[in-house]
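The structure under discussion appears below in the form of structure tokens.
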Amino acid sequence: MYQSSRVPSSPCVCWGCWGVRGWCGRREREIDTTIAQGSITEDSEGRLTITAAGRAFYAKAAALQDELRAERHSGISDEEYLTTLKVLQRFIHNTGVRAWHH
């Protein structure tokens, strides 16, 4: 199993699992799953390496992401999209909450 001591110290991305309880183990489970799927390998020193299957999966996911972005942004200019993001960020800022973009 991949050891969390090898993962850089940073808060976990899942809500509520960091803080008092510390490390939640989610990253280890995700890494173990990815190894089991054959997308990455782990050597005897704990280094992770992407496999050919992992590269193919990544390429397929990236292509799908590009398709979905084009679909979702249809008829919306980059300027309109940016303006919308900035307004939503202001809403978050005005509530006094710190969010990912701070």
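Any read-out appearing in this document is the output of simple, stated calculations on the displayed coordinates, not a laboratory observation. A quick note: this is a predicted structure, and the numbers were derived from the prediction, not measured. We place every Cβ from the backbone using ideal geometry, glycine too, and count neighbours over all the protein chains shown.
Which order, highest average first, do 37-46, 74-83 follow once you tally other Cβ atoms within 10 Å for each residue and take the mean per peptide?
Packing order, densest peptide first, comes out as 37-46, 74-83.
Calculate how large, on average over all directions, the projected area of the Cα convex hull of the range 22-96 is; give the answer in nm² to one decimal.
8.6
Tell me the label-point distance for the pair ILE50, GLU79, using the 7 Å Cα-to-Cβ offset, in nm and rounded to one decimal.
About 3.6 nm, to one decimal.
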